[in-house]
Amino acid sequence: MLTVLFDGVAYGMLLFVLACGLSVTLGLMNFINLAHGAFAMLGGYVTALLMNRAGVPFLGTLPAAFLVPAVVGVALERTLYRRLYGASPLDQVLFTIGLVLMAMPIANYLLGDQPQQIHLPAWLQGRIDVHGVGIGVYRLFLIVVCGAIAVGLQSFLVGTRFGARLRAAVDDPRVASGLGIDVDRLFAATFAVGSGLAGLGGALAADVVGGIDPAFPLKFMVTFLIVVAIGGSSGIIGALVGALLLGVLDVAGKYYVPSIGAFIIYFVMVATLILRPQGLFAKGDGR
Amino acid sequence: MSANAARIEAHLRRRERWRWSEIAFWLAIVVLIFAVPSRAALINEILISGLFALSLDLILGLAGVVSLGQAAFYGVGAYAAAILANAGYNDPTFGLLVGALLGGAIGLVTAPLLLRGSDLTRLMVTMGVALILGEVANRNGWLTGGADGLEFTMRPVLGLFPIGFSGQRNAALYSLVVLFILFALARRLAQSPFGLSLSAVRENRLRAGALGIATHRRLIGVYALAAAYAGVAGALLAQTTQIASLDLFDFHRSADVMLMVIIGGAGYLYGGLIGAAVFIVLKDVISGATPEYWEFWIGALLVVLVLTGRQRVASLARRVVRTVLPNAARQAGAA
């Protein structure tokens, strides 16, 4: 029971790191970025390749798994994404699906369609037993790392000037830009961080999902969207709670009622969207 | 005032008439089927995808409802026909009817989910419904054959024309007849008061409601109808390829059909057919050249299409159509 809960929390934390960038871009620019998973895939590949081909230790690859997608993300944002701010949701969806469709064959072309495995160092493998509760060491590692990221992001958003500007811009971009906040640059920076976090999430997730393969962006696109749908697009807390809820429900569902386990997340999503179309944690009506 | 009324009536009557150009369009397809029997399977695929795209155009073009889950009804229709045929009820027309009814029924049940929220909510709810149905099909392998899919044989259409691998040309003709009947129905519907009121709902839902149009009921109605169309398309596909598989529910089916409608232009009914032809031929050519990477080019096409502005592309398509099919284009302008 506690083990299942623990695994669910670890999975939820992972989903949070993967999806929080999506939630912020959606809240800030009302932009639907279905290609978010492509950045996660990129981060996973960076870690896998650095480990397998260059022999860099696992922890040493993680900064690169953050930086490479962040740089690629900001480059794409400046050249392509920005043209579509304010376009209809349909155009944004079509455009980002197009990007996903392009990213998958590129990955396939460069690296083949076999999953790239990540071999965890020995100190992250195995299980420890705490008062009869079996705890996977890597799961514990995930919770600590992702929890630290969540705390860091939240205190950054609450405590710094940049965070205050970002929150203002999410609340109302027009008024924020009227007050002299450069929403455009703010968004580029946020997009970079969001893409980087997705990449980091992809690197951390590689072991849990059985390796990174070219189909990754499409396989997890729906999951990211569900996190955002449940959490709403207003901020870190919503995304965190949404991700945790989803993680626990998904793991518990698959463990206790395997026959309907795979449906649970979809039902949660549809139910949430019907009852609270702006997400469970949106403020007021949202936009 | 009465002069105005007379003018409007004359205009509506003119729209109703089938022009020679439209008739030529359909005759050309018949000729094509007989002229190149070796590509009958490809033509059949285009016709079925055209019907599927028409079903999306009914809700997207006519009523302005976005959906990324049209594959839900495609899959339901296909499995309805396949399961019936597998159980021995393998008369094609009966299968189509059941596919339409089942698709329509599921459309009717899920339509109320689309009335609230933003376009993003609608995209995600429709996608969620398709994924749930796909998972249902996956889990109930005793009925659907699970990951192996279902294989079966069909009786000849009306007891006369065998379809399937030995009768590719008949299959294409069968699809064409079904497509034409449903297209004519959709064309009539678009010009009916129901269709005109849907245009009003698409342009301004609040105002349409204020004019006394029951917007919710109209939207549910057209969504269920579009679902029935998609059900027929799925049933046709299952019957003419004699297989139903889980990938019918896949996300990429919904995305592909969206792409077809976008390529051809939404809202004037021929767009889905033209888009389907362009998409399938493109896919055939590209996947012939680079079987593993054809997705890349489809994705690139999407990106370019959106960046250049799909209205501009659609109007270009419409201009091309206008030279080929003057009447259809005029309808598009009027609709």
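Once C-alpha pairs closer than 8 Å and six or more residues apart are averaged by separation and normalised to the residue number of the range B:36-250, the relative contact order reads 44 percent. Of all beta bridges that DSSP places with both ends in the protein assembly as shown, some 100 percent have antiparallel geometry. Extending 7 Å from the Cα toward the beta-carbon at both A:Y256 and B:V109 defines two label points whose distance is 2.5 nm. So the label point goes 7 Å from the Cα of A:Q117 along Cα→C-beta, right? Which residues of the range A:17-59 then have their backbone N under 19 Å from it? A:44-59, by backbone N distance to the label point. Per residue, the convex hull spanned by the alpha carbons of the protein assembly as shown comes to 169 Å³.
Taking the alpha carbon gyration tensor of the range B:24-135, multiplying each eigenvalue by 5 and rooting it gives semi-axes of 29, 20, 11 Å, largest first. Listed by Cβ neighbour count within 10 Å, with the fewest neighbours leading, B:E151, B:E135 appear as B:E151, B:E135.
Helices in chain B, meaning DSSP H runs of at least 4 residues, each add -39500 (n - 2.57). Divided by all residues, the mean residue ellipticity at 222 nm is -24500 deg cm²/dmol. Within 12 Å, Cβ to Cβ, of B:I181, how many net charges do the neighbouring residues add up to if Lys/Arg are +1 and Asp/Glu are -1? With Lys, Arg at +1 and Asp, Glu at -1, the net is +2. Applying 1/(1 + (r/R0)^6) with R0 = 25 Å to the Cβ-Cβ distance of A:A148 and A:A75 gives a FRET efficiency near 0.35.
Sorted fewest first by neighbouring Cβ atoms within 10 angstrom, B:W294, B:W142, B:W20 come out as B:W142, B:W20, B:W294.
Near B:S197: Cβ cut-off under 13 Å, other residues only, Lys/Arg at +1 and Asp/Glu at -1. The net charge is +4. Placing +1 on the Cβ of every Lys and Arg and -1 on the Cβ of every Asp and Glu, with no other charges, gives the protein assembly as shown a dipole of roughly 2140 debye about its Cα centre. Within the range B:153-275, the percentage of alpha carbon pairs spaced more than 17 angstrom apart rounds to 67%.
The order of B:F52, B:F296, B:F279, going from fewest to most other C-beta atoms within 10 Å of their C-beta, is B:F296, B:F279, B:F52. Every pair of different Cα atoms in the range B:36-250 enters the Kirkwood calculation, which places the hydrodynamic radius at 17.5 Å. Each of B:T93, B:Y223, B:T144 was placed along the dipole of the range B:36-250 (beta-carbon charges, centred on the mean Cα), and the one lying farthest toward the positive end is B:Y223. Magnitude of the charge dipole for the range B:188-305, about its Cα centre and with charges confined to Cβ atoms of Lys, Arg (+1) and Asp, Glu (-1), is about 780 debye. About the centre of its Cα atoms, the range A:16-212 shows a dipole size close to 280 debye [charges on the beta carbon of Lys, Arg (+1) and Asp, Glu (-1) only; nearest 20 debye]. Charge tally for B:G64 (other residues, Cβ to Cβ under 13 Å; Lys, Arg +1; Asp, Glu -1): +1. Partner shielding of B:288-298 amounts to 4, given as the average count of beta-carbon atoms from other chains within 10 Å of each residue beta-carbon. With R₀ fixed at 22 Å, the C-beta to C-beta distance from B:N138 to A:V4 puts the FRET efficiency at about 0.40. Normalising the average separation of contacting C-alpha pairs (under 8 angstrom, six or more residues apart) by the number of residues puts the relative contact order of the range B:48-102 at 28 percent. With both labels modelled 7 Å from their Cα along Cα-to-Cβ, the B:E151 to A:L59 distance reads 5.6 nm.
Computed as a quarter of the hull surface, the mean projected area of the alpha carbon convex hull for the range A:128-287 stands at 11.7 nm². Counting every alpha-carbon pair across the range A:145-231, the share separated by more than 16 Å comes to 65%. Entry note, chain A: relative contact order of 38 percent, from Cα contacts under 8 Å with a spacing of 6+ residues.
Taking a ≥ b ≥ c as the square roots of the eigenvalues of the alpha-carbon gyration tensor, the range A:16-212 is classed oblate because a/c is 1.5 or more while a/b is no larger than b/c.
Note on A:F156 and B:L32: their simple-model spin labels are 5.4 nm apart, each label 7 Å out from Cα toward Cβ. The residue among A:P214, B:L114, A:M104 whose Cα reaches farthest toward the positive pole of the charge dipole of the protein assembly as shown, with charges on the beta-carbon of Lys, Arg, Asp and Glu, is B:L114.
Every number in this text was worked out from the coordinates using simple rules, so none of it is lab data. The shown structure was predicted, so the numbers you read here are calculated from the model rather than taken from an experiment. So basically every Cβ, Gly included, is an ideal-geometry build from the backbone, and we count neighbours across all protein chains shown.
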